[in-house]
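Chemist: Got a structure for you, questions after.
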Amino acid sequence: MADETINLYSDTQTLPTEAMYEAMRLAPLGDDQQQLDPTVNRLEKMSADRCGKAAGLFVPSGMMGNLCGMMSLAAHGDEAIIDADAHFWWYEAGSMFSVAGVAPRMVPLHDGLLDPAEVRASVRPPDAHLPRPRVLWLENTHNRGGGCVTPISLHRELCAVAREHGLKVHLDGARIWNASVATGTPVRDYAAEVDTLTFCFSKGLSCPAGSVIVGSEEVIAQARRVRKRLGGAMRQAGVLAACAIVALEQQIERLADDHANAARLAGLLGELRGVKVINRVQTNMVFADVADTGVGARDLAARFKAAGVMVSVTGPTTIRLVTHRHITAAAVDEAARRMRKAIG
Ligand SMILES: Cc1ncc(COP(=O)(O)O)c(C=O)c1O
């Protein structure tokens, strides 16, 4: 490990496992645009079954899964209730309004969580003068919320508010398996409450690409059409789906190791001069405020990089560190040692 960079930038940095490479080589393939790729078909069914939904659709990215969800549930000019820190709003290039044509009705996020009362208060009454509220947008685990888990009880309360007002619900579950492993709540319990759920294979589950969206037959037929319109319909996508099947079979339980390593990392970070951990570390993310080091986050991240540790910058004085399959407990300890030295 002596010279190797320890990459805590994101769980998106993970590389395929040997079993994935093998599965890619052996996967039966076909033209997925005609639904003739047996491996994609198998993955879509497996994903839907695991989530207790009728159908699934394989898409190239989490972002496309989100767009397929939004554009299947809402029309141009509609409004979605979404928190001000949602990934879809912050990091998906404004596609919510520029591509889906849906306006955000912002609600605040409190320590990674939504408040059902605030969601209820944000639903506009039916009125021809007002935008039409259509969708409640959820994210679990919540990325900018610190990798925080929305517990199933709160999830149910939020979805009940949506139902009271006739809203559809989309769950951006890019890391829903992390939420499930952290709490012991089956993903199907979360899925049961929502119309569409997306999750990613290309983050902690180690695949090179791909996400799925699951829902009813009707909504997934709609999503299939949206995927095509967005240019996301692939051909022999079974090479990617083969990795995703391996991920579902082999990579989920081990997310618990990432969570344990994140907790270990948080403990060590908290001992570094001027560094304060600012999130509840429930899954694989650690956020820290570094203002008291006397160095801005960007400059400190550059120093860390020079010392062999990659982190991401989330604000002028904040950084994020994410554990994943390539980060062992020993790598966490070594990263802390390097960061201590870099801070000086
Ligand atoms: C919560 C969340 N949703 C969606 C995405 C988008 O995934 P992708 O980068 O595959 O488009 C990400 C990516 O990090 C994410 O963290």
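Nothing in this text is a laboratory measurement; each read-out follows from the coordinates by a stated rule. Note that the structure is predicted; figures quoted are calculated from it, not measured. Cβ placement follows ideal geometry from the backbone for every residue including glycine, while neighbour counts extend to all protein chains displayed.
Chemist: Enumerate the amide H contacts of A103 below 5 Å, restricted to partners 5 or more residues apart or on another chain; note that Pro and chain-start residues carry no placed amide H.
Modeler: G77, D78, E79, A80
Chemist: Can you list the lysines whose alpha carbon is less than 29 Å from that of K53, not counting same-chain residues fewer than 8 positions off?
Modeler: The reachable lysines, counting only those whose Cα sits under 29 Å from K53, are K45, K168, K203, K228.
Chemist: Among residues other than G210 whose Cβ falls under 13 Å from its Cβ, what is the net charge (Lys/Arg +1, Asp/Glu -1)? Show your work: numbers first, answer last.
Modeler: Numbers: positive: K203, R227; negative: D32, D37, E44.
In short, -1.
Chemist: How are the Cα pair distances of the stretch 1-128 distributed, in percent, across 5 Å bins from 0?
Modeler: 2, 8, 11, 14, 15, 16, 13, 9, 7, 3, 1, 0, 0
Chemist: For the residues C51, C243, what sequence is obtained by ranking on other C-beta atoms within 10 Å, fewest first? Before the final figure, lay out each step's value.
Modeler: Details: C51 25, C243 28.
Lowest count first: C51, C243.
Chemist: Considering only C-alpha atoms, what is the centroid distance from the stretch 273-344 to the stretch 132-153, in Å?
Modeler: 25
Chemist: On to the next question. Taking the Cα atoms of the stretch 18-249, what is the range of coordinates along each of the three principal axes, in descending order and whole Å?
Modeler: 54, 36, 29
Chemist: Sort by residue number and report every cysteine in the chain with no other cysteine beta carbon within a distance under 4.7 Å.
Modeler: So far as the 4.7 Å Cβ criterion goes, C51, C68, C148, C159, C200 stand without a partner in the chain.
Chemist: Give me the net charge for the shell around A297: Cβ to Cβ below 14 angstrom, other residues only, Lys and Arg +1, Asp and Glu -1.
Modeler: Value of the local net charge: +2.
Chemist: Hey, what's the per residue convex hull volume over the C-alpha atoms of the stretch 168-226, in cubic angstrom?
Modeler: Values: hull volume 4.7 nm³, N = 59.
Dividing the Cα hull volume of the stretch 168-226 by its residues yields 80 Å³.
Chemist: So how do L36, L73, L130 line up by other beta-carbon neighbours within 10 Å, fewest first?
Modeler: On the way: L36 14, L73 26, L130 10.
Taking fewest neighbouring Cβ atoms as first place, the list is L130, L36, L73.
Chemist: In Å and from the alpha-carbon atoms only, list the Rg and Dmax of the stretch 218-344.
Modeler: 19.1, 58
Chemist: Let me ask something else. Could you line up D127, D289, D333 from fewest to most neighbouring Cβ atoms inside 10 Å? Numbers along the way, then the final one.
Modeler: Values: D127 8, D289 18, D333 15.
Fewest to most other Cβ atoms nearby, the residues stand as D127, D333, D289.
Chemist: Enumerate the calculated ³J(HN,Hα) couplings along the stretch 272-288 in order (Karplus 6.51 cos²θ - 1.76 cosθ + 1.60, θ = phi - 60°), each rounded to whole Hz, writing x wherever the residue is Gly or Pro.
Modeler: Calculated HN-Hα couplings, in order: 7, 4, x, 10, 10, 6, 10, 10, 7, 8, 9, 10, 10, 10, 10, 10, 9 Hz.
Chemist: Also, I was wondering about something else. In whole Å, what is the distance between the alpha-carbon centres of the stretch 38-68 and the stretch 164-196?
Modeler: 14
Chemist: Still on this structure, please answer the following. When a/c is below 1.5 the answer is rounded, else prolate if a/b is larger than b/c, else oblate, so apply that to the stretch 74-168 with a ≥ b ≥ c taken from the square roots of the Cα gyration tensor eigenvalues.
Modeler: Details: a/c = 2.17, a/b = 1.20, b/c = 1.80.
It comes out oblate by the Cα gyration axes.
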